[in-house]
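A short worksheet on the structure shown next.
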Amino acid sequence: MSIKVLIVEDDREIRAVLRTALAAEGFDVLTAVSLSEATALLEHDPPDLIVLDLGLPDGDGAQLVRAVRSRSAMPILVASARHQEAERISLLDQGADDYLTKPFGVNELLARIRVALRHRGTTLQPATTRYARGDLLIDVETYRVEREGRPLHLTPTEFKLAARLVRAAGRVVTHRQLLADVWGAEHVLDTHYLRLYMGQLRTKLEAVPSEPSHLLTETGVGYRLVVD
Amino acid sequence: MKWSIDAGRSRAWHGAFAALALLSAATAACAVLDDAISLMSQAMIYLLAVVAASYLLPWLAAVGSAIGAVAALNFFFVPPRYTLAVEHREHLIALAAMLAVALLVSYLSAALKRESAAARESEARAGQLRSLAIDLAAAASEDEAVDIGRRALRHRFAGPVLVVTSVDGAIAPGVDAGEDVMRALRCCIVEASVLGPGTGRWPALDAWYVPLGTGGRVVGAARVEPASASDAIGREHAQAIAALVAQGVWRLRLLEANLAARAEVERQHVQATFLASVSHDLRTPLAAIVAAASSLEAQRGRLGEADQDRMLAGIVAEARYLTEVTENTLQLVRLSAGGGALRSEWQAIDEIVGSIVGRLRSRPCGARIRARLGAALPLVRGDATLLAQLATNLVDNALKYSDGAVDLTVVQRRDRLLLSVKDRGPGLAPGDESRVFEPFYRGRGAADARGAGLGLALCRAIAVAHGGSLGVSRRARGGCRFTLALPVAEQPAVEAPA
């Protein structure tokens, strides 16, 4: 049985192109032009993943994200224009899995879908606890961090930060989510903590800290641990 | 009032004493010279005293001294002496003639004094109007002009002085006056005529209401006290001051309207140029996309695979470029519309630089970027998206206009963080240092490259929105250096995590 993807997008052209592109990759594609249509579809024919456009004619997507999150871990990708940054961050904070900035290429979309599906069902399978890419290895279970085969020492906070990113490897983690999970809910606005600790973490994990290859900054949104 | 009566009385006594002193002196002189001179010479001495009194003393004292002189001459020197009787008819005629001459002289000199006093006062008024005109010409605001007028009126009128301005007949708000006064002011403005004593209009008022200006150009009104029907000169003076103030206010209003009109013209011009520039920046990549896409649509069967690939890559690249132009334009419009969009948070500049360099590296010419960051850079407050856009634009620009390495450095200099982008391109023409930041300017070598039109203007707008600055300088051995300076604030504290 093929994987079902729901595309919620009000522009006809974009909808048609995405449908064609995803169908070519073997996905089963459903489309909706509005939030109400999407909600109806979710009731009768629930998909495995949603690509949600921001700025739909009948309201913001937050309602849909909350409705989906209240009953399933179905991945949600948010597609938005660059100026919709605030809305996009709020949707990520409310449980959307990742985002794409319009205009995006089909390659980017496919990569995001792959990562999202990999994490799908983390409630059933053990969460991602091991990150191995290039010269870097982070194993959360055994508290092991290595670069080029040599063990690295991380402070407890640095390790918590790295572990949080490993858990969502490939997906963006917002500032708020990182601050809440590592420092606690009362620190969700202290973005300077992240700036400082992320700098420290990069000096340890990256070969060239000023041009990171693993621990990427998603400007204005959060951080992402790259997966291949 | 009591004081002024006393003053008048004491002046009168002074005059009487002075007249008496003059007459005594004349009498003494005549007595001393009695044996040596004739009665005619003695009469001349008295006449001299009378002329002196007429010139020096008030009119009443002068007349008194004329009569006194004739009486004294008669009493002391005209035979029979020490009586007021006159022996010869000749002496009687002489005394009568002397009295007539004395009265005439005192009348003439009094008239002369009056006229010269009037001339002095009118000169003083003209002088006040002259300096008022000069002060008003230098006034920079309507309030200042009204203030100057108020001072000028106070100089001449002892009572309370009120000056109000009006626009289209309505008095400007904030005037503290009774309803009667306001009604009179409104009437004065609407009718554009003087009200009050001696004007024939509302003569029962206790003050003059003088409009500022005439006909359709009344810009306000003044109320002055004291006003009396007989003081026509005072009223005319008030009107003259009001006319000058009206002129000053009118001039300032015209100036303001003129400036506003010019600003509007300029704004429309900027808007038109802006639209022309943006549509040029948008149309060029669109043309390339349409050409490539339509070629693929119509000729796909006849095109080689390499050509098809090239066209497809071109379409993607042009579309991405179009996105960039659109983003820059939108952001610039947003920032110049008041910049409410700035999301200020603590940012690590090395992180921002790292992310944009990483992104630019994936482009064909990305290998030319050489980034060098100072150690232990401070955090800055700002909007990460905007700062990243700024740095991207600067590096992009340098890559576009040069073939060699592009150096991106970040260092701290005291309380400022400096981000520099240097290239070895054709550099700037002299004088271009400030013009490159104008929204539609294209520098040397820009003819074949596209789209720098708004990029640098946006960069500067972002720098300014962050309380920083962006400048450019020519490098000694060719190329140019753009430097962003951001203020470094006190660094935030970090609690040790639990």
- Message: Taking the conditions exactly as written (touching a His at 6+ places or on another chain (Cβ under 9 Å), under 30 Å from A:Leu215 (Cβ atoms) and β-branched (Val, Ile, Thr)), does B:Val353 satisfy them or not?
- Response: no
- Item | Subset of region B:219-256 (residues that are surrounded by fewer than 24 Cβ atoms within 10 Å (Cβ to Cβ), small (Gly, Ala, Ser), out of contact with any Ser or Thr (no Cβ under 9 Å at 6 or more places or on another chain) and at pLDDT 90 or above) | B:Ala240
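Identify, please: which residue in region A:38-51 is in contact (Cβ under 8 Å) with a residue 24 or more places away in the chain and more than 18 Å from A:Glu108 (Cα to Cα) and is, among those, surrounded by the most Cβ atoms within 10 Å (Cβ to Cβ)?
Step one: of region A:38-51, the residues in contact (Cβ under 8 Å) with a residue 24 or more places away in the chain are A:38-39, A:41-42, A:45-51.
Among the residues that remain, those that are also more than 18 Å from A:Glu108 (Cα to Cα) are: A:38-39, A:41-42, A:45-48.
Numbers: A:Ala38: 26, A:Thr39: 16, A:Leu41: 17, A:Leu42: 21, A:Asp45: 11, A:Pro46: 15, A:Pro47: 22, A:Asp48: 20.
For region A:38-51, the residue satisfying everything is A:Ala38.
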- Task: Considering only residues that are modelled with pLDDT of 90 or more and surrounded by fewer than 15 Cβ atoms within 10 Å (Cβ to Cβ), look in region B:368-388 and name the one that is farthest from the other protein chains (Cβ to nearest Cβ).
- Result: B:Arg370
- Test A:Asp60 against the criterion of being over 17 Å from the mean Cα position of the chain (by Cα), under 20 Å from A:Gln177 (Cβ atoms) and free of Cβ contacts under 8 Å to residues at least 60 places away in the same chain, and give yes or no. yes
- Query: So, of the residues in region B:472-489 that are at pLDDT 90 or above and either of a type in the set (D, E, K, R) or touching a Cys at 6+ places or on another chain (Cβ under 6 Å) (or both), which turns out to be surrounded by the most Cβ atoms within 10 Å (Cβ to Cβ)?
  - Reply: B:Val472
- Task: Give just the number: which of (1) at pLDDT 80 or above; (2) on the phi > 0 side of the Ramachandran plot does B:Gly445 not satisfy?
- Result: (1)
- Only one of (1) farther than 30 Å from B:Pro58 by Cβ; (2) at pLDDT 90 or above does not apply to B:Thr83, and that is (2)
- Query: Do you know which residues across region A:199-211 are of a type outside the set (Gly, Ala, Ser) and either surrounded by fewer than 18 Cβ atoms within 10 Å (Cβ to Cβ) or facing another protein chain (nearest Cβ under 7 Å) (or both)?
  - Reply: A:Gln200, A:Thr203, A:Lys204, A:Val208, A:Glu211
- Message: I need the full set of residues from region B:481-497 which are farther than 23 Å from A:Leu189 by Cβ and either charged (D, E, K, R) or without any contact (Cβ under 8 Å) to a residue 60 or more places away in the chain (or both), in order please.
- Response: B:Arg481
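On the given criteria, is A:Leu194 more than 8 Å from chain B (Cβ to nearest Cβ), in a helix (DSSP H, G or I) and closer than 28 Å to A:Leu109 by Cβ? Give the derivation first.
Numbers: more than 8 Å from chain B (Cβ to nearest Cβ): yes; in a helix (DSSP H, G or I): yes; closer than 28 Å to A:Leu109 by Cβ: yes.
Judged against the criteria, A:Leu194 is a match.
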- Task: Would you be able to tell me the number of residues in region A:40-99 that are aliphatic (A, V, I, L, M), under 19 Å from A:Thr174 (Cα atoms) and touching a Pro at 6+ places or on another chain (Cβ under 9 Å)?
- Result: 3
- Message: Here's a check for you: in region B:389-425, which residue that is under 24 Å from A:Met198 (Cα atoms) and aliphatic (A, V, I, L, M) is farthest from the other protein chains (Cβ to nearest Cβ)?
- Response: B:Leu418
- Residue that is at pLDDT below 95, more than 10 Å from every other protein chain (Cβ to nearest Cβ) and over 15 Å from the mean Cα position of the chain (by Cα), where the choices are A:Ala168, A:Ala132: A:Ala132
- Item | Test: B:Ala71 is closer than 14 Å to B:Leu23 by Cα, out of contact with any strand residue (DSSP E or B) (no Cβ under 6 Å at 6 or more places or on another chain) and surrounded by fewer than 16 Cβ atoms within 10 Å (Cβ to Cβ) | yes
- Scan region B:335-349 for residues that are surrounded by fewer than 18 Cβ atoms within 10 Å (Cβ to Cβ) and either more than 10 Å from every other protein chain (Cβ to nearest Cβ) or part of a helix (DSSP H, G or I) (or both) and jot them down. B:Ser336, B:Ala337, B:Gly338, B:Gly339, B:Gly340, B:Leu342, B:Ser344
- Could you please let me know if A:Glu108 is under 26 Å from B:Thr326 (Cα atoms), part of a helix (DSSP H, G or I) and over 13 Å from the mean Cα position of the chain (by Cα)? no
- Exception for A:Phe27 within (1) surrounded by 20 or more Cβ atoms within 10 Å (Cβ to Cβ); (2) touching a helix residue (DSSP H, G or I) at 6+ places or on another chain (Cβ under 7 Å) falls at (2)
- Query: Among the residues of region B:474-498 satisfying the criterion of being in contact with a helix residue (DSSP H, G or I) (Cβ under 7 Å, 6 or more places away or on another chain) and of a type outside the set (A, V, I, L, M), which is farthest from the other protein chains (Cβ to nearest Cβ)?
  - Reply: B:Phe482
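The values are calculated or read from the model by the stated rules, or taken from the named source; none is laboratory data. The structure displayed is predicted, hence computed values, not measured ones. Cβ sites come from the backbone with ideal geometry, for glycine too, and all protein chains shown count toward neighbours.
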